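First up is the structure itself, then whatever we jot down about it.
The values are calculated or read from the model by the stated rules, or taken from the named source; none is laboratory data. Predicted model only: the values in this text are computed from it and were never measured. Every residue, glycine as well, gets a Cβ built from its backbone with ideal geometry; the counts of neighbours run over all protein chains shown.
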């Protein structure tokens, strides 16, 4: 990865900006994940209570309907079930918990009195009424469980997504950015050292050249003097 | 931290299972039901569940825990993750959906629904 990066100062500045942004995002996402987990724990406690109640209500309802079947017969129970005219309905409101939209389910016409059930008072026995009442209670528990479990599912999906984002930043993006930053910094330092070395070499070379030039000049000067001396010492033959 | 808004949508509760299972709910007024006799569950339960899951008028689907075993892998996955409608499984175990438990393990990292974890460790 680091080999794909251009070792320039501009690229380094861009990477530093990205690191700053990623670190800030990582911190924020971590806080969001922790907040979601705390909210989820509250919901989980509620869900476990609701689940316990649901199992109890189901068992009670089964006992009641089995009793009704035993006493009145399966046909009578089915007949009463087919005669029902009022039907339970649910309406959903949504609630936003840390960006997660969770439902709030409102129910209507779940619990009914004898007159509202529609199968008549004379034709059925108290056992069927008791079974119907037990199942109405069970429906109330089911609605509550549905609300809580939907909230749990949605929050878990959000927690998973946030966790994946945090991990991607922590273990993939940020290490790569740090690696690129180190690579560019090393390359830039290396380039700087090379530049200093190059300048030093040039300076040395220049000094050497100057020294040689001076030497050559000095040599030329001394040779000229020797020639002049020789010329003076030899004189013009027969000049006296 | 939380805001509310009203969706104003009226939906029904649906029940899927054997006639013995659905009768009680019909007694409580549930009119959307799919009767699948026990011996036909391996073939017909998938279709019945898919029907109610695709029905926009259904907000909650009720099933028995044991019936989950008769569902195909894909439908079971859909049931476990479906939010609209939400599927509630009931049974004597009271443990809830296995899918939810798996999702908790995956998202949080520990099995928070483990009943043994809550139990007194000194008990034998």
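Structure above, values below:
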item: Residue that is facing chain B (nearest Cβ under 7 Å) and modelled with pLDDT under 80, where the choices are A:136, A:86; result: A:86
item: Qualifying residue in the range A:53-60 (condition: in contact (Cβ under 8 Å) with a residue 60 or more places away in the chain and over 50 Å from the mean Cα position of the chain (by Cα)); result: no
item: The listed residue being at pLDDT below 85, part of a helix (DSSP H, G or I) and farther than 16 Å from residue A:151 by Cβ, out of A:79, A:123; result: A:79
item: Options A:151, A:145, A:131; residue that is in contact with a strand residue (DSSP E or B) (Cβ under 6 Å, 6 or more places away or on another chain), in contact (Cβ under 8 Å) with a residue 60 or more places away in the chain and at the interface with chain B (Cβ under 8 Å from one of its Cβ atoms); result: A:145
item: Residue in the range A:179-189 that is more than 30 Å from residue A:4 (Cα to Cα) and either within 11 Å of another protein chain (Cβ to nearest Cβ) or over 27 Å from the mean Cα position of the chain (by Cα) (or both) present; result: no
item: Residue ID - farthest from residue A:49 (Cα to Cα), chosen from residues in the range A:155-175 that are within 7 Å of chain B (Cβ to nearest Cβ) and buried (at least 17 other Cβ atoms within 10 Å of the Cβ); result: A:163
item: From the options A:35, A:27, residue that is surrounded by fewer than 20 Cβ atoms within 10 Å (Cβ to Cβ), modelled with pLDDT of 90 or more, closer than 21 Å to residue A:158 by Cβ and within 10 Å of chain B (Cβ to nearest Cβ); result: A:35
item: Number of the exception - residue A:6 against (1) under 30 Å from residue A:175 (Cβ atoms); (2) in a helix (DSSP H, G or I); result: (2)
item: Failed item, numbered, when residue B:79 is tested on (1) at pLDDT below 90; (2) at the interface with chain A (Cβ under 8 Å from one of its Cβ atoms); (3) touching a strand residue (DSSP E or B) at 6+ places or on another chain (Cβ under 6 Å); result: (2)
item: Output for the range A:61-74, where each listed residue is modelled with pLDDT of 85 or more, surrounded by fewer than 17 Cβ atoms within 10 Å (Cβ to Cβ) and either facing chain B (nearest Cβ under 7 Å) or at negative phi (or both); result: A:63, A:66, A:67, A:70, A:71
item: Selection status of residue B:62, at the interface with another protein chain (Cβ under 10 Å from one of its Cβ atoms), at pLDDT 90 or above and surrounded by 18 or more Cβ atoms within 10 Å (Cβ to Cβ); result: yes
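Yes/no matrix, rows are residues, columns are (1) within 30 Å of residue A:43 (Cβ to Cβ); (2) touching a helix residue (DSSP H, G or I) at 6+ places or on another chain (Cβ under 6 Å); (3) surrounded by fewer than 17 Cβ atoms within 10 Å (Cβ to Cβ):
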{"residue": "A:132", "(1), (2), (3)": "no, yes, no"}
{"residue": "A:143", "(1), (2), (3)": "yes, no, no"}
{"residue": "A:194", "(1), (2), (3)": "no, no, yes"}
{"residue": "A:200", "(1), (2), (3)": "no, no, yes"}
